[in-house]
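*Asks:* Got a structure for you, questions after.
The values are calculated or read from the model by the stated rules, or taken from the named source; none is laboratory data. None of the values given here were measured: they were computed from a predicted structure. When we count neighbours, we look across all protein chains shown, and the Cβ atoms used for this are built from the backbone with ideal geometry, even at glycine.
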Amino acid sequence: MTDTTHIPAPDLPPPVTSIGVIGWMRANLFSSPLNTILTLLALYILYLAIPPVLDWAVFNATFVGDSRADCSKTAACWVFIRVRFPQFMYGLYPVDERWRVNLAGILLLGAGLPLLFDAFPWKKVFSIFLLCVYPFIAFILFYGGVFGLPVIETRLWGGLFLTLVIAITSIVASMPIGIFLALGRRSELPVVRMLCIGFIEFVRAVPLITILFMSSVMLPLFLPEGVSFDKLARALIAIALFSAAYMAETVRGGLQAIPKGQYEAADSMGLTYWKTMRLIILPQALKIVIPGIVGSFIGLFKDTTLVLIIGLFDLLNIIATSAQDPNWIGMAIEGYAFAAVIFWFFCFAMSRYSMHVERKLNTGH
Amino acid sequence: MTEAPASNAALEAPADDAMIQMIGVHKWYGHFHVLKDINLTVHRSERIVICGPSGSGKSTLIRCINRLEEHQRGQIIVDGIELTHDLKNIGEVRKEVGMVFQHFNLFPHLTVLENLTLAPIWVRKQPKAEAEEAAMKYLERVKIPEQANKYPGQLSGGQQQRVAIARSLCMNPKIMMFDEPTSTLDPEMIKEVLDVMIELAETGMTMIVVTHEMGFATAVAHRVIFMDGGEIIEQNAPEEFFNNPRSDRTKLFLSQILRH
Amino acid sequence: MAVDTKQGAALTRPPIWTDARFRAILIQVVVLTLVVAGVAYIANNTIVNLQKRGIASGFAFLNTTSGFDIVMTLIPYSATSTYGRAFWVGLLNTLLVSGLSIVLCTILGFIIGIMRLSSNWLLAKLAEAYIEIIRNIPLLLQILFWYFVTINVMPGVRQSWSLGDIIFLNQRGVYIPNPTVEPAFWFIPAALVLGIVATIAIARWAKKRQELTGEQFPTLWAGLGLIIGLPALATIITGFPVVWDIPQLKGFNFRGGLVMLPEFSALLIALTLYHANYLAEIVRAGIQSVGKGQKEAAAAIGLKPGWVMRLVVIPQAMRVIIPPQTSIYLNVVKNSSLAVAIGYIDLVSVFTGTTLNQTGQAVECILITMLVYLTISLLISLFMNWYNKRTALVER
């Protein structure tokens, strides 16, 4: 019996029509008669739709100038955006004081961006700073009244600045409330559980606009005579409570994902309910629901536009009102396009980050 | 236990007894050459075991036989029907070839009985009563007739795989293929599935089994085929294969799996 | 040494402040007291404040005359109707735009979801682009955009686009003929109902026949034939006895016909496009949740691709699709409240907008509105629970 040493057969290149550009097109675009027809139809529709839009938005558009007179009649007038840009960003915030907004923004980025990187060593310190200290600093900077800073009332806040204030404040406020609601919903005490379920289900069943109206119109009635509430504060309370109910459901999902064995192990070690939650359950649960929390934030960010209806000048409202300015009649499309791009950019970036975190978590276990 | 299978005689049987012929078959995934010049003939009532390291292309090979995968070069002829892009041919071949998967793939929303009668009713157009009667016979053959009205989720792994075997048998195939049928089962359930497969072999079914269960190979296989890197390295009758492997690759593989 | 066993000793009672049962009760009592006290405080303040502002309380206002007109109503309404009637007008308008939007976005959502899974790269990428663009832009912005388009892009009344001189599109809305039916007309819907009933009967008969003999009957084609053919036959026989009130341009506006206001169209388009994209993702997730192995096993036993879809993939996919799908429908109804931003008269804008402003009875108006949405949400939840129970996969 001859023993042989096996020489592996060489790798041959695949047939030409099954690889490369041709192969790819055959498999992906023209794999059957129906697909071929659909591909050609889709290409035709794209050909009809895209060049005119590009012409309007880019090739024939006006980018430089000072006023409406500089713009061409048939194409986009981005001059509108350029001239009004500061208002879109800051609202009616006085020009001299805008450095305060910028400073707060830089602080936020400086403290927040490093947290997105895993290897960052001082995560805990920076997180605590962001959640507990930064809000006060930001409020003092925005509102003023101390340290010689002139008071800038909230009715002057507007634009992207206001949108971010509303979104970030609401999400930060809604997280602790949401966590408590989620814990309460899973509580064994019937009274606590009923109250939490009732609140969560009620808030999730009604449109945000009714809660905004409720806060806007009814809150002054709930308070004793003479106590008045800032309009922005009323909106913030409404959005924070609204968001808290959805956050509670997200966190509840995370709590349910923790295996029962974790709770049992903690119990058998003698840990109390609050210690168990703080040390063992919540750290795991919150990590799991980070994608859900980012999703909530994206939704919240889009929902801030509703304050348009109660008369706050967020980014969308500022643009919509500017478009009705007699000097800029007919520029609404440019305005909406600009607003759409900004919102889209923020939301898209956040959703990509959330997907990245989700992927990391999935490979982690 | 069956009689000792004919060794080389089966390999040289006349070609008109061939159930499956693979001639010069190549397959690529993109640029990855996964099957290299496969030449294989399987005769009626022959039982083949294919083994080899993971990634060697054994699953791909049998999935080409019932067109779950497409080959790019060469010919595959099953019971006289050549496998091409012709959908009618593919449908005919799939009626003649049964397949049992590693993960069972039972339909969870149907009862066991409905799983078995689905294809006979819709593909062979049998009346329901007739299909159910035949299905119950096969369930008895795999020894779980009492599970007929349960759902797959209520059965153990070994029971599910036996239902899967019965489901394939309900179409009265001429060839049965098994893709690692016991590799996801708990040890105590492997035997019940292998027993069913051995009983099937004794009825003269043509079988191709991809597995690492070498005891099964020794018991019923006419031929053991070793594949690595997309090619058939060696094939022989079981005693010859296990006791006198010729190629160094085969020897290496056997030393790794026959340790315990 | 015998161990001393205390037989029949009573359970020692722990000191009351560490007794778990006592603490549970104590916490609940405290929470309840706080909540009740809080509610009482708020209620008291509210009553005092309302009195100070001279605002009435109670629901008598529902029977007082509203004094305002509403352009688009499904039921007869005028400025002399009551607020109660205005409530119903608003509610019906909400249900109208929500209902139509739900139907349209379901169709669009399924199409896009299936496109997304298509083996055709171009179609899949187009679907993906649609989903990524629409979902990252706020709904309110999309509503404003479409409102702008339907008003500004449409031509003026005198230069209306017309479809065969029967349907007119301009910046005031879409004008369609208003049908008045004669008695003989009712044969046509009757024929349709007959067609549907006949199709169901044939489907039952065909299923029994298949069980008995194994032969298959083309139920789908027969059903289509009946559902289209019978009404068509009735139309021919009766000569379609409908009188159309065709909109006619008189002076500066159209007289006659029905008008779909641009507010309505804009809201409908925006709601449909926005929610179709969430539905598309759900459909995609549902179909993908059915593992590859299921399709392979079905193909391996010889089922044709159409049957693989119908008998194996879709039943399993629908289990995963329907629960989130009902949530989306609820969102459509809730989001229709954004109508108030463009002046479409839905429930929120007529009741928490105009009515609240005129009567000042904020508490009643807002609470009634919320109650309506709560009821709708409850109905949808009940349906979902029933559906889940009915279709749950049976496991150990």
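*Asks:* Could you check B:Leu110 against (1) within 12 Å of another protein chain (Cβ to nearest Cβ); (2) of a type in the set (A, V, I, L, M, F, W, C); (3) in a helix (DSSP H, G or I) and say which number it fails?
*Replies:* In the conditions (1) within 12 Å of another protein chain (Cβ to nearest Cβ); (2) of a type in the set (A, V, I, L, M, F, W, C); (3) in a helix (DSSP H, G or I), B:Leu110 misses (3) alone.
*Asks:* Out of curiosity, is C:Ile287 more than 14 Å from chain B (Cβ to nearest Cβ) and farther than 14 Å from C:Ile143 by Cβ?
*Replies:* yes
*Asks:* Taking the options A:Arg186, A:Arg193, A:Arg204, name whichever one is facing chain C (nearest Cβ under 8 Å) and surrounded by fewer than 19 Cβ atoms within 10 Å (Cβ to Cβ).
*Replies:* The match here is A:Arg204.
*Asks:* Out of (1) assigned to a helix (DSSP H, G or I); (2) at the interface with another protein chain (Cβ under 7 Å from one of its Cβ atoms); (3) surrounded by fewer than 24 Cβ atoms within 10 Å (Cβ to Cβ), the odd one out for C:Thr354 is which?
*Replies:* (2)
*Asks:* Of the residues C:Ala234, C:Ala270, only one is at pLDDT 85 or above, part of a helix (DSSP H, G or I) and surrounded by 14 or more Cβ atoms within 10 Å (Cβ to Cβ); which?
*Replies:* Checking each option against the conditions leaves just C:Ala270.
*Asks:* Then there is this: Can you list the strands (runs of 3 or more DSSP E) found entirely within the stretch B:190-260 that contain at least 1 residues being of a type in the set (A, V, I, L, M, F, W, C) and either within 13 Å of chain A (Cβ to nearest Cβ) or surrounded by fewer than 20 Cβ atoms within 10 Å (Cβ to Cβ) (or both)?
*Replies:* Once the strands (runs of 3 or more DSSP E) in the stretch B:190-260 are filtered for at least 1 residues that are of a type in the set (A, V, I, L, M, F, W, C) and either within 13 Å of chain A (Cβ to nearest Cβ) or surrounded by fewer than 20 Cβ atoms within 10 Å (Cβ to Cβ) (or both), what remains is B:223-228, B:231-236.
*Asks:* Now a separate question. Among the residues in the stretch C:247-260, are any of a type outside the set (Lys, Arg), more than 14 Å from chain B (Cβ to nearest Cβ), free of Cβ contacts under 8 Å to residues at least 12 places away in the same chain and exposed (fewer than 15 other Cβ atoms within 10 Å of the Cβ)?
*Replies:* Looking for residues that are of a type outside the set (Lys, Arg), more than 14 Å from chain B (Cβ to nearest Cβ), free of Cβ contacts under 8 Å to residues at least 12 places away in the same chain and exposed (fewer than 15 other Cβ atoms within 10 Å of the Cβ), one finds at least one in the stretch C:247-260, hence yes.
*Asks:* If only one of A:Ile106, A:Ile81 is in a helix (DSSP H, G or I), free of Cβ contacts under 8 Å to residues at least 24 places away in the same chain and β-branched (Val, Ile, Thr), which one is it?
*Replies:* Within the list A:Ile106, A:Ile81, the selection yields A:Ile106.
*Asks:* Moving on. Go through the stretch B:135-156 and report how many residues are more than 12 Å from every other protein chain (Cβ to nearest Cβ) and not basic (Lys, Arg).
*Replies:* 11
*Asks:* Name the single residue that is surrounded by the most Cβ atoms within 10 Å (Cβ to Cβ) among those in the stretch B:116-130 being at pLDDT 90 or above and more than 8 Å from every other protein chain (Cβ to nearest Cβ).
*Replies:* B:Leu116
*Asks:* What pairs can you find where one residue is in the stretch C:95-110 and within 16 Å of C:Ala280 (Cβ to Cβ), the other is of a type in the set (Phe, Trp, Tyr), and their Cβ atoms are less than 7 Å apart, with a gap of 6+ or different chains?
*Replies:* Once the first residue is within 16 Å of C:Ala280 (Cβ to Cβ) and sits in the stretch C:95-110, its partners that are of a type in the set (Phe, Trp, Tyr) give C:Ile102/C:Tyr329.
*Asks:* All but one of (1) part of a helix (DSSP H, G or I); (2) assigned by TED's automatic domain parsing to the domain that holds A:Tyr353; (3) of a type in the set (D, E, K, R); (4) more than 23 Å from the chain's Cα centre (by Cα) hold for A:Arg204; state the number of the condition that does not hold.
*Replies:* The failed condition is (4).
*Asks:* Hey, does the stretch A:281-289 have a residue that's out of contact with any helix residue (DSSP H, G or I) (no Cβ under 8 Å at 6 or more places or on another chain), modelled with pLDDT under 85 and not polar (S, T, N, Q)?
*Replies:* Yes, there is a match, as at least one residue in the stretch A:281-289 is out of contact with any helix residue (DSSP H, G or I) (no Cβ under 8 Å at 6 or more places or on another chain), modelled with pLDDT under 85 and not polar (S, T, N, Q).
*Asks:* What number of residues within the stretch A:1-42 are away from chain C (no Cβ under 14 Å), in a loop (DSSP other than H, G, I, E, B) and of a type in the set (S, T, N, Q)?
*Replies:* Here the count works out to 2.
*Asks:* Any residue at all in the stretch B:161-184 that is farther than 26 Å from C:Glu395 by Cβ and of a type in the set (Lys, Arg)?
*Replies:* yes
*Asks:* Could you check how many residues of the stretch B:74-98 are polar (S, T, N, Q) and within 13 Å of chain C (Cβ to nearest Cβ)?
*Replies:* 1
*Asks:* Shifting gears a bit: Which residues, taken from the stretch B:1-24, are touching a helix residue (DSSP H, G or I) at 6+ places or on another chain (Cβ under 7 Å) and modelled with pLDDT of 90 or more?
*Replies:* Result: B:Ile20, single match.
*Asks:* Taking interchain pairs and intrachain pairs at least six residues apart, which have beta carbon atoms under 6 angstrom, with the first residue in the stretch C:112-131 and in a helix (DSSP H, G or I) and the second basic (Lys, Arg) and crowded, with 16+ Cβ neighbours inside 10 Å?
*Replies:* C:Gly113/C:Arg284; C:Arg116/C:Arg284; C:Ala124/C:Arg116; C:Ala127/C:Arg116
*Asks:* From the set of residues in the stretch A:55-69 that are surrounded by 12 or more Cβ atoms within 10 Å (Cβ to Cβ) and not in a loop (DSSP other than H, G, I, E, B), which is modelled with the lowest pLDDT?
*Replies:* Top of the filtered list is A:Arg68.
*Asks:* Does A:Arg155 fit the bill of being buried (at least 18 other Cβ atoms within 10 Å of the Cβ), charged (D, E, K, R) and touching a residue at least 24 places away in the same chain (Cβ under 8 Å)?
*Replies:* no
*Asks:* Out of all the residues in the stretch C:301-338, which are more than 8 Å from every other protein chain (Cβ to nearest Cβ), in contact with a Ser or Thr (Cβ under 6 Å, 6 or more places away or on another chain) and modelled with pLDDT under 90?
*Replies:* Matches in the stretch C:301-338: C:Val320 only.
*Asks:* For the stretch C:201-241, how many residues are farther than 23 Å from B:Gln126 by Cα, without any contact (Cβ under 8 Å) to a residue 24 or more places away in the chain and aliphatic (A, V, I, L, M)?
*Replies:* Qualifying residue count for the region: 3.
*Asks:* May I pose another question? Please enumerate the residues belonging to the stretch B:23-46 that are in contact (Cβ under 8 Å) with a residue 12 or more places away in the chain and assigned to a loop (DSSP other than H, G, I, E, B).
*Replies:* Passing the criteria: B:Arg44, B:Ser45, B:Glu46.
*Asks:* Could you check, for the stretch C:290-310, whether at least one of its residues is assigned to a helix (DSSP H, G or I), in contact with a helix residue (DSSP H, G or I) (Cβ under 9 Å, 6 or more places away or on another chain), surrounded by fewer than 18 Cβ atoms within 10 Å (Cβ to Cβ) and in contact (Cβ under 8 Å) with a residue 24 or more places away in the chain?
*Replies:* There is no residue in the stretch C:290-310 that is assigned to a helix (DSSP H, G or I), in contact with a helix residue (DSSP H, G or I) (Cβ under 9 Å, 6 or more places away or on another chain), surrounded by fewer than 18 Cβ atoms within 10 Å (Cβ to Cβ) and in contact (Cβ under 8 Å) with a residue 24 or more places away in the chain.
*Asks:* For the stretch C:343-367, which positions are more than 24 Å from C:Leu140 (Cβ to Cβ) and either hydrophobic (A, V, I, L, M, F, W, C) or touching a Cys at 6+ places or on another chain (Cβ under 6 Å) (or both)?
*Replies:* C:Val363, C:Leu367
*Asks:* Further question: How about the stretch C:197-231: which of its residues are within 14 Å of chain B (Cβ to nearest Cβ) and in a helix (DSSP H, G or I)?
*Replies:* Across the stretch C:197-231, the qualifying residues are C:Ala206, C:Lys207, C:Lys208, C:Arg209, C:Gln210, C:Glu211, C:Leu212, C:Thr213, C:Thr219.
*Asks:* Which of the numbered conditions does A:Phe88 fail, given that it passes all the others? Conditions: (1) over 18 Å from C:Lys125 (Cβ atoms); (2) surrounded by 13 or more Cβ atoms within 10 Å (Cβ to Cβ); (3) within 14 Å of chain C (Cβ to nearest Cβ); (4) free of Cβ contacts under 8 Å to residues at least 24 places away in the same chain.
*Replies:* Failing condition for A:Phe88: (4).
*Asks:* Given the conditions (1) facing another protein chain (nearest Cβ under 10 Å); (2) in contact with a strand residue (DSSP E or B) (Cβ under 7 Å, 6 or more places away or on another chain), which single one is not true for B:Glu70?
*Replies:* The failed condition is (2).
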